[in-house]
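I have placed the structure first, in the form of structure tokens, so that the comments after it can refer back to it.
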Amino acid sequence: VFGSGKRINLAFNNSSVSTRYAFGYFDPYFTLDGVSFGYNLGYSARDAEEANISNYSTDVINSSFNFGLPLNEHDRLRFNIDLKHTALTTSDFSSIEITDFVRDNGDKYITLAASMGWTHDTLNRAIFPSAGGQQRFSALATVPGSDLEYFKMSYKHQQFFPLAKDFTFRLLGEVAYGDGYGDTKDLPFFEHYFAGGVRSIRGFD
């Protein structure tokens with residue numbers, strides 16, 4: 001924004017699969033010590049049947065704010081609070097997993113989630129790095145008393161090795177886990193992990 005380093009994002013998407021409106025603000029130098037601050041507001045509607053995933057749709061209204069805290073030159077912590085209202089719509093053709101989930105948990109949920117992340121970054125540049133590495137760990141949990149109680153954790157590590165002037169070798173590994181707790185027996189099906197993204201390969205037990 002006008003050379004200040006602050007970022008504002010507006011997003012709009014409208015298709016047979018999804019509708020999305022979003023607004024976000026981020027200040028990487030909210031304080032002189034390099035503490036960052038940002039917030040996001042959004043609405044999204046998604047038809048999983050049109051995406052050829054499953055027979056259900058969701059409407060989500062969410063708001064969140066985040067802080068980032070630099071520890072040293074290479075390490076940074078971030079914290080996020082997210083308030084979300086999710087409305088789930090099913091049909092006579094929805095899968096047994098979905099209908100069982102609605103029977104046990106209802107079809108409208110208000111959740112308040114807290115998350116934290118740690119990043120260790122020694123890449124030689126942010127775009128197209130050729131040397132160094134990056135580690136990311138994140139953990140998220142909805143607070144007790146939310147309509148859905150679940151948690152998710154993930155760890156990602158990538159390392160770059162320069163082999164020639166214009167040739168770089170990258171090693172990448174990622175692991176993640178999530179589950180329900182309290183009154184929620186399992187991880188909500190719309191929070192499941194997908195191998196390759198939500199438009200490609202689905203994950204199963």
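The values are calculated or read from the model by the stated rules, or taken from the named source; none is laboratory data. Quantities reported herein were computed from a predicted structural model and do not represent experimental measurements. No Cβ is skipped: glycine too gets one built from the backbone with ideal geometry, and neighbour counts run over all protein chains shown. What goes into the accessible areas is simple: the full protein's heavy atoms, side chains included, and nothing from ligands, DNA or RNA. Shrake-Rupley method; radii C 1.70, N 1.55, O 1.52, S 1.80 Å.
A few comments on the model shown:
- Among residues of the range 77-104 that are over 22 Å from residue 142 (Cβ atoms), those with a beta-carbon under 7 Å from a residue that is among the aromatic types (Phe, Trp, Tyr) at least six positions away or on a different chain give the pairs 94/56.
- For the range 62-84, residues that are in a strand (DSSP E or B) and over 15 Å from the mean Cα position of the chain (by Cα) total 7.
- Pairs, first free of Cβ contacts under 8 Å to residues at least 24 places away in the same chain and small (Gly, Ala, Ser) in the range 129-155, second part of a strand (DSSP E or B) and crowded, with 17+ Cβ neighbours inside 10 Å, C-beta under 7 Å, six or more apart: 138/115; 138/117; 154/138
- Number of residues in the range 137-175 that are surrounded by 16 or more Cβ atoms within 10 Å (Cβ to Cβ), in a strand (DSSP E or B) and charged (D, E, K, R): the value is 1.
- Picking from residues in the range 187-197 that are at pLDDT below 90 and assigned to a loop (DSSP other than H, G, I, E, B), the one that is nearest to residue 143 (Cα to Cα) is 192.
- Test: residue in the range 62-80 that is charged (D, E, K, R) and farther than 30 Å from residue 5 by Cβ: no
- Of all residues making up the range 14-46, the number that are surrounded by 12 or more Cβ atoms within 10 Å (Cβ to Cβ) and more than 29 Å from residue 77 (Cα to Cα): 5
- Some residue of the range 110-121 being touching a Phe, Trp or Tyr at 6+ places or on another chain (Cβ under 7 Å), open to solvent by less than 50 Å² (accessible area, probe 1.4 Å), in contact (Cβ under 8 Å) with a residue 40 or more places away in the chain and among the aromatic types (Phe, Trp, Tyr): no
- Residue, farthest from residue 11 (Cα to Cα), within the range 47-72, restricted to residues that are surrounded by 15 or more Cβ atoms within 10 Å (Cβ to Cβ) and of a type in the set (Ser, Thr, Tyr): 54
- Selection of the range 91-120 for residues being among the hydroxyl-bearing types (Ser, Thr, Tyr) and modelled with pLDDT under 90 yields 91, 94, 95.
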